[in-house]
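Colleague: Got a structure here, written out as structure tokens. Questions coming.
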Amino acid sequence: MDEAVRHLAERLLKTGFDELPERERRVIQHIARRRLVSRDLSMVEDDAGFGGRLADRVAQFGGSWAFIIAFGVVLVAWVVGNTVLLPLLVQPFDPYPFIFLNLVLSMLAALQAPVIMMSQNRQAVKDREAAAHDYEVNLKAELEIMGLHEKLDGLRQDQVTRMLAQQEEQIRLLTRLLAERSGVAPGPQVPCG
């Protein structure tokens, strides 16, 4: 493993690279190589297969106003047809209390519930992947900010050190100037700081 990556992990996370979970190792490697962690998850190809995509479509339609309205229209047509229209012409195939309608509704619910659960499980997997990706992006951003803070602290420390050196030089020059004006030899100089 690249020594710079190990050093980065030790410096930013205060731990060894080998002790990190795989996800955090990946983030450290991206930082060291100056690569992006973020990516558009909506562009990732869905490998669910026909059954998974069908479950998503059924769940999407089953949870829409179009389904509710269409289902309401079918129920009203069934009830009106079997109580008002068909008795005028022939024997209704599902008279009140609509036993066959109850059977159809029960079968629909029995099929629709597992399909919706399949779709929810697929969505939960996608959500976990998105949360893991968000964690990696957030960790990289946090580590990059920590690195920037270290750089700023180093710059500030260098600036303070240079200013103290300049002050010592100015004090030394002022002491010598005062000594020359007063005709007294300058005494031992005491460093500041």
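The values are calculated or read from the model by the stated rules, or taken from the named source; none is laboratory data. Note that this is a predicted model, so its numbers are computed, not measured. Neighbour counts run over all protein chains shown; Cβ positions are idealised from the backbone, glycine included.
Colleague: Among the numbered conditions (1) touching a His at 6+ places or on another chain (Cβ under 8 Å); (2) of a type outside the set (Val, Ile, Thr); (3) part of a loop (DSSP other than H, G, I, E, B), tell me where residue 45 comes up short.
Modeller: Every condition holds for residue 45 apart from (1).
Colleague: Tally time: how many residues in the stretch 152-188 are exposed (fewer than 10 other Cβ atoms within 10 Å of the Cβ) and in a helix (DSSP H, G or I)?
Modeller: Of the residues in the stretch 152-188, 2 are exposed (fewer than 10 other Cβ atoms within 10 Å of the Cβ) and in a helix (DSSP H, G or I).
Colleague: Got a number for residues in the stretch 11-33 being farther than 15 Å from residue 142 by Cα and not aromatic (Phe, Trp, Tyr)?
Modeller: 8
Colleague: Would you be able to tell me the number of residues in the stretch 125-136 that are touching a Lys or Arg at 6+ places or on another chain (Cβ under 9 Å) and either aliphatic (A, V, I, L, M) or assigned by TED's automatic domain parsing to the domain that holds residue 30 (or both)?
Modeller: Qualifying residue count for the region: 1.
Colleague: Kindly indicate the residue of the stretch 83-98 that is out of contact with any Leu (no Cβ under 8 Å at 6 or more places or on another chain) and not hydrophobic (A, V, I, L, M, F, W, C) and also modelled with the lowest pLDDT among those meeting that condition.
Modeller: Out of the qualifying residues, it is 87.
Colleague: Could you tell me which numbered condition residue 115 fails, if it satisfies all but one of (1) closer than 30 Å to residue 36 by Cα; (2) touching a residue at least 24 places away in the same chain (Cβ under 8 Å)?
Modeller: Unmet condition: (1).
Colleague: Please state which one of 61, 50 is touching a Phe, Trp or Tyr at 6+ places or on another chain (Cβ under 7 Å), among the aromatic types (Phe, Trp, Tyr) and more than 30 Å from residue 145 (Cβ to Cβ).
Modeller: Answer to the selection: 61.
Colleague: Residues being among the charged types (D, E, K, R), in contact (Cβ under 8 Å) with a residue 24 or more places away in the chain and surrounded by 12 or more Cβ atoms within 10 Å (Cβ to Cβ): count how many of those fall in the stretch 28-64.
Modeller: Selection size over the stretch 28-64: 1.
Colleague: Mind counting the residues in the stretch 13-42 that are farther than 24 Å from residue 126 by Cα, in a loop (DSSP other than H, G, I, E, B) and of a type in the set (S, T, N, Q)?
Modeller: Looking only at that region, the number is 1.
Colleague: Looking at the stretch 11-26 only, could you name the residues that are surrounded by 12 or more Cβ atoms within 10 Å (Cβ to Cβ) and within 24 Å of the chain's Cα centre (by Cα)?
Modeller: Result: 12, 13, 17, 20, 23, 24, 25, 26.
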